Amino acid sequence: MIIESLVVGPFAENSYVVGDPATGEGALVDPGGDVGDLLDLAKKRKLRITKILITHAHWDHVYGVAEAQRLTKAETILPEGERRMIERLREQSLMFGLPVPEQPTIDTWVKEGDVVKLGGLEFRVLIVPGHSPGHAAYVCGLDALSGDTLMAGSVGRTDLPGGSLEQFVDSITRKIMALPDDTRIHPGHGPSTTVGEERETNPFVLEMMAMRGRR
Ligand SMILES: [Zn+2]
């Protein structure tokens, strides 16, 4: 599986180009901007972009979606719990004083357990709310495109509108940390890591596991 990343936009968001080298089918994951550069990256790896996977509908993860749709005609996929968030893209932009992007159209709404196929690859949808109401992680074998959940030495924030610390602790401890230790985490911000590395060293994860133990 091909995985390339590019840091885009004012919040240093990780956009990913993923694909199946065997069939040449590729997807953009959370194209938050610099769409031309992302498509160049895809071209360099001989990938044709047929899908756009979105983990959640925060501004920094979706700013480039409509442009990417226009340029690729790719099927655009978002978890159904993010419907209100994407509908409020304009409000989000204005609330934070950010430029208002063109409104994207979602082709496919996914839920827990759905499988998104890309060439010979299969991405399992895990719904991991808390950072945002319907946040998804897309898991393909030992690679997880996990958005703003688990990060190297950190975790996503829960204080934005629609966030919930309680849900987030559940998502991290019961779903993300339940993935095999050698699962590679490709987060929405910062470098990639593994579940095992974070299980041992991430202070937020250690605290959450302890909280879960106390309940
Ligand atoms: Zn976010």
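Side notes on the structure shown:
- Those residues of segment 139-159 whose amide nitrogen sits under 19 Å from the label point placed on Glu197, 7 Å along Cα→Cβ: 139-156
- Backbone HN-Hα couplings from phi across segment 122-137 [Karplus 6.51/-1.76/1.60, Hz, Gly and Pro as x]: 10, 9, 8, 8, 10, 8, 10, x, x, 6, 9, x, x, 3, 10, 10
- Couplings for segment 19-30, taken from phi via the Karplus curve 6.51 cos²θ - 1.76 cosθ + 1.60 with θ = phi - 60°, read x, 9, x, 5, 10, x, 7, x, 9, 9, 10, 6 Hz in order; Gly and Pro are left as x.
- Shape of the chain, Cα gyration tensor, a/c cut at 1.5: oblate
- Amide H contacts of Glu122 (H built 1.01 Å from N, in plane; Pro and chain starts excluded): no residue 5 or more places away or on another chain comes under 5 Å.
- HN-Hα J in Hz across segment 199-214 - Karplus 6.51, -1.76, 1.60, θ = phi - 60°, x for Gly and Pro: 4, 8, 10, 7, x, 5, 5, 4, 5, 5, 5, 5, 4, 5, x, 6
- The length gained on full extension between Met209 and Glu80, counted as 0.36 nm times the residue separation minus their Cα-Cα distance, comes to 43.6 nm.
- Here the chain is assigned +1 on the Cβ of each Lys and Arg and -1 on the Cβ of each Asp and Glu. Its dipole about the Cα centre then comes out at about 280 debye.
- Degrees, to the nearest 10: 35-44 long Cα axis against longest axis of the chain: 80 degrees
- Taking label points 7 Å from Cα along the Cα-to-Cβ direction, Leu165 and Val7 give a separation of 2.9 nm.
- Loop-resident trypsin sites (Lys or Arg not before Pro) (DSSP state other than H, G, I, E or B) in segment 35-120 with no more than 13 further Cβ atoms inside 10 Å of their Cβ: Lys46, Lys73, Lys111.
- Computed magnitude of the charge dipole of segment 1-84 (debye, nearest 20; Cβ of K, R +1, Cβ of D, E -1): 320 debye
- Under 5 Å between amide hydrogens, built in the peptide plane, is the criterion, and for Val128 it picks out His135, Ala136, Ala137 among residues at least 5 positions away or on other chains.
Laboratory data are not the source of any read-out in this text; all were calculated from the coordinates shown. Here the structure is a predicted model, which means the values were calculated and not measured. With ideal geometry, Cβ positions are generated from the backbone for all residues, glycine too; neighbour counts draw on all protein chains shown.
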